[in-house]
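Structure record follows, encoded as structure tokens.
The values are calculated or read from the model by the stated rules, or taken from the named source; none is laboratory data. Note that the structure is a prediction, hence the values are computed from the model and not measured. Cβ coordinates were reconstructed from backbone atoms using ideal geometry, including for glycine residues, and neighbour counts include every protein chain displayed. These accessible areas exclude ligands, DNA and RNA; they are computed on the full protein's heavy atoms, side chains included. Shrake-Rupley method; radii C 1.70, N 1.55, O 1.52, S 1.80 Å.
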Amino acid sequence: MEYYDQAAYEQADGDQYEPLLSEKDRTTAEVDSPLPEDLTRDDLEFPSLSEPELARHYVRLSQQNYGVDSGPYPLGSCTMKYNPRFTEDVAALDAAAVHPDRDGDTVQGTLELLYDLQDYLGRIGGMDAVTLQPPAGAAGEFTGILLAEAYHEASGEGHRDEVVIPDAAHGTNFASAALGGYDVVEIPSGDDGRVDLDALEAALGEDTAALMLTNPNTLGLFERDIERIADMVHDAGGLLYYDGANLNALLGRARPGDMGFDIMHFNVHKTFATPHGGGGPGAGPVGVTEELADFLPDPHVRRTEGGGYERYTPEHSVGKVHGFEGNWFVLVKAFAYIDRLGDEGLGDASAKAVLNANYLAEQVDYDVPLGPFHHEFVASAGDQDAADVAKRMLDYGVHPPTTKWPELVDEALMTEPTEVENRANLDDLADAFNAVAAEDDETLESAPNRTTARRIDQTEAARNPRLSWQDLD
Ligand SMILES: Cc1ncc(COP(=O)(O)O)c(C=O)c1O
């Protein structure tokens, strides 16, 4: 076999091409197995590579990528930030590697950590009880919907079959409500980008099970009328659900529970630690008020009278939403992060998230409607195509913002610098934005030109995906 697959290389249109491990395998020698013949298989073709070859392969691949360790990653709503290494160190401790099926009496330390994290999150969100089980924000939303359903059912209000969601909400809100069997009632935002109270009033009624809201919303705007909104939803007999994806805007300063929310999820992989994205591991703990605590998933962790910890099944539990207590290592990292930062550190993080977003919003030449902002802002690419802007920004060595969403802003560039960037990095980001803002369409449409992989035909990729390297011919 040749070192490089020439056909694949040409197909890749001159992009820097790192061969697959099987393509790199130039070994011809048969390897004698020390195992008995009836225990070996000869139908598997594993590449035979040395350790340095393997290490170099993966390092090269990583160099072709852009991640939170490479530079600013202002992907709005996703909170893609550098994650401190100490959280990884804690998760890598031998003591953290406990089999989840072990009897509670033998893993008291594990249960204590889970209990303490439930407690930390409850205090941060202003919630009375927290389950750690859901493995992502979206899974937290779905769990929240199950809880709302169980609560209404138990209160004799099982007929409530509508969930109200503002048009600026994340797509997962609509999906979670629909997956839970609810009819989604979408309400338009007002001219100021916030919930339109008249539209909300018109949408609420005796069929309302819940309103799902994130605050600050996806435009980075705080819902100033949140207490009034909470009263309206509660007066209609509904529950108020908080999408906690934007909690890094409020940490240590304001609590959803105090605003009147009944159920919330935390995206601990965004707000605290664990770089998410690419479908990576996450955790979406769900907090509830006292009235909903008995419905939480099974198992839950509590203190015993003897001062220890135990798993138990809440009285009217909605059942399991994930294996064991949830995505353990992500929870350990969240615990380590909260524990290290403490009240002051968390408040500092949200202050910096807000400061950075507002500083950057002032530096970019693109039009930035609305405001004042919390953790993110949405600029408009105006006459330029936001997707082209994003691709061109890659040529300037930075990750682009989220594009074309929320749709309330034309050619949206939804930008979340996060709390970890310093002023110099924010200025670099602004320079990249502003360089692209001054360029013509032709330049933008041909971008990216300086990246490992160039522009792909997105329609073709969606309709006719090549899912294997073997499809390259
Ligand atoms: C506002 C908002 N809500 C919910 C989610 C869903 O969270 P997850 O990706 O953890 O499922 C996201 C994800 O980025 C989000 O930005």
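Brief remarks follow.
- Those strands (runs of 3 or more DSSP E) lying entirely in the range 256-351 with at least 3 residues assigned by TED's automatic domain parsing to the domain that holds Pro216 and out of contact with any Gly (no Cβ under 9 Å at 6 or more places or on another chain): 300-303
- Looking only at the range 401-432, residues that are outside any loop (DSSP other than H, G, I, E, B) and open to solvent by less than 10 Å² (accessible area, probe 1.4 Å) come to 8 in all.
- From the options Arg303, Arg255, residue that is within 20 Å of Arg123 (Cα to Cα), away from the ligand (no atom under 12 Å from the Cβ) and exposed (fewer than 15 other Cβ atoms within 10 Å of the Cβ): Arg303
- Test: Ala168 is within 23 Å of the chain's Cα centre (by Cα) and open to solvent by less than 10 Å² (accessible area, probe 1.4 Å): yes
- Scan of the range 271-297 for residues that are open to solvent by 40 Å² or more (accessible area, probe 1.4 Å) and more than 30 Å from Tyr66 (Cα to Cα), ordered by number: Glu290, Glu291, Asp294
- Checking Arg224 against (1) farther than 22 Å from Ala353 by Cβ; (2) away from the ligand (no atom under 16 Å from the Cβ), the condition it does not meet: (1)
- Each residue in the range 92-126 was checked for being open to solvent by less than 80 Å² (accessible area, probe 1.4 Å), closer than 14 Å to Ile338 by Cβ and either touching a residue at least 60 places away in the same chain (Cβ under 8 Å) or not acidic (Asp, Glu) (or both), and 11 of them qualify.
- Among residues of the range 433-453 being in a loop (DSSP other than H, G, I, E, B) and small (Gly, Ala, Ser), the one that is surrounded by the fewest Cβ atoms within 10 Å (Cβ to Cβ) is Ala438.
- Matching entry among Asp183, Asp192, Asp161, Asp167 (being free of Cβ contacts under 8 Å to residues at least 40 places away in the same chain and among the charged types (D, E, K, R)): Asp183
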